[in-house]
1. Choose one answer from HIS66, HIS210, HIS25: the residue with the largest mean-square fluctuation in a GNM of the chain with alpha-carbon springs under 10 Å.
2. Would you list, by chain and number, the aspartates and glutamates whose Cα falls below 15 Å from the Cα of LYS123, excluding same-chain residues fewer than 8 positions away?
3. If you place +1 on the Cβ of every Lys and Arg, -1 on the Cβ of every Asp and Glu, and leave all else neutral, what size is the dipole of the chain about its Cα centre, to the nearest 20 Debye?
4. For a 21 Å ceiling on Cα separation, which of these pairs sit above it: LYS58/LYS116; LYS211/LYS252; LYS10/LYS86; LYS5/LYS29; LYS18/LYS85; LYS211/LYS285?
5. Once you put a point 7 Å from the Cα of GLN269 and another 7 Å from the Cα of GLU17, both along the Cβ direction, what distance in nm separates them?
6. Which of ASN35, ASN101, ASN16 moves most in a GNM of the chain, Cα contacts under 10 Å?
7. So how exposed is LEU92, as accessible area in Å² (1.4 Å probe, rounded to 10)?
Amino acid sequence: MNTLKEEMIKRVEELNEKLEEKEFHLEVKEAFKNNGNKFGITVLSDNNKYKMCPTVYKECMEDIWHDDDKVIEFLERIYEENKDKKLDVKTLCSRDYILENVRLRVVSDANIGEVKKMNIAYKHYLDMLILFYIDVSEASLADATASITLIVAPTGIEQTELLNSAIRNIENDYVVSSMEKVICEILDIPVEEAPDMSGDIEMYVLTNSHKIFGAASILSTRILNAVSYLIGGDFIILPSSIHECIAVPYGKMESEELREMVREVNDNQVSPEDRLTYNVYKYSKGELSIM
């Protein structure tokens, strides 16, 4: 058995022994999260009418993990925030709702084994897997979002139709920003105070308004054409994470130099969970390809 899973099960058993007078209990849940499976603690109500079952991951409780009282206090707060929320499952599973709200995320195709094991709907694209999900605003908190990853064959929907609808949906929510603007946002300074990057290669960051799963924007020819127009021709995509990509004009740097840049960022600045791939892509004549 996975060592972390064993630890989580043991911890949940310890905590459940102290929850006899509470309205909820805990279970360990395994879920696919970007690059591999994660084990979390699901908070379930003892009231059968309770529909929302939030799952909390260990890293959210790292500082208090070994303090029973603090962990229980934290999880009880999660329970109280969600106990009156209910999901309209019939609506969420309906054909119209899925097509209107489905979005895309991309992960490395090294995840194919786990994706198949979990019966997750997917499509191969270059060296990536396209996955489908739906945001669940009713289940989201102020500092966390909730989503449902679609499993194989949603009722009455062919994969081509699902993919086309999802691409149209992400085309309504993409953002292309200059690197200067992104740096200013990180440093919280006005654009006019941006550091001088006139000697650097022109770079643009491609993501979405939430900056979550924004790298999926590269699946849209319409979005890539908009970037091509902005840059003025063919360009290179550097997959900085599953949440964003960086576009640079083609021909400004050697291929190996670009791949080394991606390796450096992946190995030193991006968490394993958020890595996309180590490859570099070229967009030319309406087609994205691996360099």
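The values are calculated or read from the model by the stated rules, or taken from the named source; none is laboratory data. Please read all numbers here as calculations on a predicted model, not as lab measurements. Note that we place each Cβ from the backbone using ideal geometry, even for glycine, and neighbour counts take in every protein chain shown. For the accessible areas, the whole protein counts, side chains as well, though only heavy atoms, and no ligand, DNA or RNA atoms are used. Shrake-Rupley method; radii C 1.70, N 1.55, O 1.52, S 1.80 Å.
1. Sorting by GNM fluctuation, first place goes to HIS66.
2. Of all the aspartates and glutamates, those that pass the test against LYS123 - Cα under 15 Å, at least 8 places apart if same chain - are ASP109, GLU114, GLU158, GLU161.
3. 1400
4. Violating the 21 Å limit, Cα to Cα: LYS58/LYS116; LYS211/LYS252; LYS10/LYS86; LYS18/LYS85; LYS211/LYS285.
5. Calculated label separation equals 4.7 nm.
6. Comparing ASN35, ASN101, ASN16 in a Gaussian network model of the chain, the most mobile one is ASN16.
7. Its accessible surface works out to 20 Å², give or take rounding.
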